[in-house]
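Structure first, then comments.
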Amino acid sequence: MAAHNGRPEFQFMVKTGMGDFRPADRKLIRSHVMKGKNVGKTRALGSRRYRELVDSRENILLSSVNIDVSDHNGTHGSTSSSRSISDNLPHSEKQTDIEVPKLNPIPIGSAASTLCLAEPLKPEMIKVVLQLSSIAKQLLFSMEKCIFFDRRAENWVAPLAVDSAFLHAKVFTSLYYYNMVLPRTPSQDSKHILYHYHKTVTLLRERLLFDGDEIRLSNNTVSIILSLASQAFRTGELKVALHHMQGLRKIINLRGDLRTFKSNAKLAVEILRCDLGMVVHSGFNSVLLHDATLWDNYRTYPKLGVFLDERNLNRSSGSRLFLDSFAATRGIELDSQLALAWGAMSDFCCVINLAAETQQRINVETFLHSLASVMYNLLDMHFEASSWNETVRLGLLSFSCSVFLPWSHLRTPLPDLHSILKTHFANIMAGMEPLSPKLLVWLSMSIAVTLSREPNSDWVYGLVRDVISLCEIKSWGQMREILVSLMWIEIVHDEAGKSIFDTCAGCSSTKFSR
């Protein structure tokens, strides 16, 4: 045995036929035989060692990007030690149908050079993508610290290395955000947005025409089309957005239903939110609502009571009891489906409040089920325009938008919902329908936290001022106590609610006007 620097270069073994090799000898033989066998090969995306590699690369990449998240209504990151609010979170299925080819890393500066990209890009372009990726949860989910996002690196970062269309889609959507939504941020010219948009459309068209179903129906393809639909929706090209959403519905039907997105539930959430956003924005019929293969899965509400402690169970039960007793004392027939929606939303609020208080998290599937069941059921209900049930439905729909579609900071107004609420509550304040002061406080603030930042929202502040005066509300604490007793998510609504109250409380009551 020769040695170099104290380590053996060669090792000889003598086999006499007596006994077997020792475990250490067998391991050495296997190691020697396999030398060079795996050079150039890649691991499947779902394998444990590959996921660990991607996670470590993502951490290096995102840590190399300096972000000031204070401008985005949230704090970067979340507590890594947070526990799930459920002890038996469903485990995502492993995705093993994508392999990452061996590519030379494209240098994009410092630690970020560890990422292999599907196409060469300028460093500043991929930096924008990574910047937006690091704050996307805070931008899109007002309660992001209470939601457990599984497989984020695998679903949103790894495809940048293998899918050119996915890469260009993320570049143009990220550039749009920094150019149009945050114009104060130094960024690239709009011509770069147009270039990457056309690249995305061209590559997607080629994929749909020439590739097999495995790639045409993949999560990556769905994500690309969703990016195009969302972009068209936010830029006001509603017919284009509708066309993309109809294409998504066909792909989902070919796959089976939304349950096939189990490995990427966040993608399913964004599909539903885009569909719902178009409905409340423009009054379009939902592309997905009346599709039986999609709708039947979410018609029933999730059973969230199992997650609640005694205090929050009592709070949710009290909210239900208030609605029932108010209807009974006024001789009003409360619609049973509306009562179920009220109870489900009350449960969800209590679950999120408990999660925030105890630093726990719900899984994305629970968020998805609550979003779909509450909002689609509310949209599918139809009452007489002047009825008490319609008043509660509109208030609950507005409140749900503030929870599930918190897009005011993305400059995405909801003009159709805005118009309907303004007309309806002008009639309410004119005395068309007698309401409980407690319910009136909640309804006015549910509208205000959703619409107060939209154009032409002076009437919203007028409504809140009138309610404060009518109900003799003396302080934010008094108002907040009423709101929490019915339905309220502190981490989502407290800041906006207090700001609205402070703005209105110092002003004299002004008659609500159309």
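The values are calculated or read from the model by the stated rules, or taken from the named source; none is laboratory data. Everything numeric in this text was worked out from a predicted model, so none of it was measured. Cβ sites come from the backbone with ideal geometry, for glycine too, and all protein chains shown count toward neighbours. Calculation scope for accessible area: heavy atoms of the full protein, side chains included, ligands and nucleic acids excluded. Shrake-Rupley method; radii C 1.70, N 1.55, O 1.52, S 1.80 Å.
Data for the structure
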quantity: Dipole magnitude of the stretch 289-350 about its Cα centre (Cβ charges: Lys, Arg +1; Asp, Glu -1), debye to nearest 20; calculated: 180
quantity: DSSP-loop GluC sites (Glu not before Pro) across the stretch 199-260, with at most 15 other Cβ within 10 angstrom; calculated: GLU237
quantity: Per-residue ³J(HN,Hα) for the stretch 362-370, Karplus 6.51 cos²θ - 1.76 cosθ + 1.60, θ = phi - 60°, Hz, x for Gly and Pro; calculated: 9, 7, 5, 4, 5, 4, 4, 5, 5
quantity: Accessible heavy-atom area order of ILE352, ILE215, highest first, probe of 1.4 Å; calculated: ILE215, ILE352
quantity: In Hz, Karplus ³J(HN,Hα) per residue of the stretch 335-344 (6.51, -1.76, 1.60; θ = phi - 60°; x = Gly, Pro); calculated: 4, 5, 5, 5, 4, 5, 5, 4, x, 5
quantity: Solvent-accessible area, 1.4 Å probe, carbon plus sulfur percent, for the stretch 315-384; calculated: 50
quantity: Above-threshold pairs, the threshold being 31 Å between Cα atoms, out of LYS127/LYS422; LYS262/LYS498; LYS422/LYS498; LYS191/LYS422; LYS303/LYS474; LYS239/LYS438; calculated: LYS127/LYS422; LYS262/LYS498; LYS191/LYS422; LYS303/LYS474; LYS239/LYS438
quantity: Accessible-area value, THR300, 1.4 Å probe, nucleic acids and ligands omitted, Å²; calculated: 90
quantity: Net charge of neighbours whose Cβ lies under 15 Å from the Cβ of GLY283, counting Lys and Arg as +1 and Asp and Glu as -1; calculated: -1
quantity: ILE362 long-range amide H proximity, modeled H, under 5 Å; calculated: ILE85, ILE147, PHE148
quantity: The stretch 272-366 - Rg (one decimal) and Dmax (whole number), Cα, Å; calculated: 16.1, 43
quantity: Of the GluC sites (Glu not before Pro) in the stretch 423-507, those whose Cβ has at most 15 other Cβ within 10 Å and which sit in DSSP loop; calculated: GLU472
quantity: Probe 1.4 Å, accessible area per residue of the stretch 192-248, Å²; calculated: 48
quantity: Within the accessible area of the stretch 216-307 (1.4 Å probe), percent carbon and sulfur; calculated: 53
